[in-house]
Amino acid sequence: GKDILPLWRDADATQPNLHPELLRLLEQAHGKPVTPDDMAAYLYAVLAQPAFTARFHDELVTRELRVPLTLDKQLFHRATKIGRELLFLHTYGERFAAGQTWPAPAVKNLKAIASGVLPDKFSYDDVTRVIHVGDGVFGPVSQAVWDFEVSGLKVVQSWLGYRMKNRKGKKSSPLDDITPKAWTSDYTTELLRLLNLLTR
């Protein structure tokens, strides 16, 4: 919770958590209103860019976060559009939904996972570009999707690891041992949504 930077300073979402003059200055520079949502989308696009974290890696470890602001109208608009799409996708369509559509399914369930049991293993075949989950198969999945990570966490592999017979991941309580005993259709749907989101 300590690392969360809220967009709003109040529960009614009327006071943006931005410098009071920032939006007005950007509006003057761009010749049109800039909303708090625009600013959030712009920041998300810049901060989600791997080149940003690669370039400023040392500074990000030891200093407070600083984000460059562009006065180029087209560049700001393009970054805002990308940020809105990323926020839409990363919140599974719960934020910034206006004008967005969920990606068309590129990854499909090519062979169903046996019902009644949890798979005991999963793997990726980089030649056929498929993920094997027990006796089930999902594809096509690019190597980039399989390898996608956030702060060192391999997203797809972690997601699958938590849903195997011998569950992977940290265990902090006996409650962690209470898990479903069988693969569910909801798991298949969730995995396909995740794979298609990352593919997009």
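The values are calculated or read from the model by the stated rules, or taken from the named source; none is laboratory data. Values in this document were obtained by computation on a predicted structure and should not be read as measured data. Cβ placement follows ideal geometry from the backbone for every residue including glycine, while neighbour counts extend to all protein chains displayed. What goes into the accessible areas is simple: the full protein's heavy atoms, side chains included, and nothing from ligands, DNA or RNA. Shrake-Rupley method; radii C 1.70, N 1.55, O 1.52, S 1.80 Å.
Here are the numbers for this structure:
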quantity	calculated
Spans of helices (runs of 4 or more DSSP H) in region 5-61 with at least 1 residues closer than 20 Å to Arg84 by Cβ, in contact (Cβ under 8 Å) with a residue 24 or more places away in the chain and under 25 Å from the mean Cα position of the chain (by Cα)	36-48
Where Trp102 falls short, out of the listed (1) modelled with pLDDT of 90 or more; (2) under 23 Å from the mean Cα position of the chain (by Cα)	(1)
Number of the exception - Arg163 against (1) part of a helix (DSSP H, G or I); (2) farther than 30 Å from Asp38 by Cβ; (3) not small (Gly, Ala, Ser)	(1)
Members of region 142-152 found to be not polar (S, T, N, Q) and not in a strand (DSSP E or B), listed by number	Ala144, Val145, Trp146, Asp147, Phe148, Gly152
Qualifying position, being polar (S, T, N, Q) and open to solvent by 70 Å² or more (accessible area, probe 1.4 Å), among Thr179, Thr189	Thr189
Region 114-141 - residue that is in a loop (DSSP other than H, G, I, E, B) and touching a helix residue (DSSP H, G or I) at 6+ places or on another chain (Cβ under 7 Å) and, of those, most open to solvent (accessible area, probe 1.4 Å)	Asp126
Of residues in region 140-162 being of a type in the set (Ser, Thr, Tyr) and at pLDDT 90 or above, the one nearest to Arg200 (Cα to Cα)	Ser142
Leu75 vs. criteria farther than 17 Å from Val150 by Cβ, open to solvent by 70 Å² or more (accessible area, probe 1.4 Å) and more than 14 Å from the chain's Cα centre (by Cα)	yes
From the options Gly152, Gly161, residue that is open to solvent by less than 30 Å² (accessible area, probe 1.4 Å), out of contact with any helix residue (DSSP H, G or I) (no Cβ under 6 Å at 6 or more places or on another chain) and more than 18 Å from Thr199 (Cβ to Cβ)	Gly161
Test: Leu87 is on the phi < 0 side of the Ramachandran plot, open to solvent by less than 80 Å² (accessible area, probe 1.4 Å) and part of a helix (DSSP H, G or I)	yes
Residue satisfying all of: in region 46-104; aromatic (Phe, Trp, Tyr) and out of contact with any His (no Cβ under 7 Å at 6 or more places or on another chain); nearest to Leu194 (Cα to Cα) among these	Tyr92
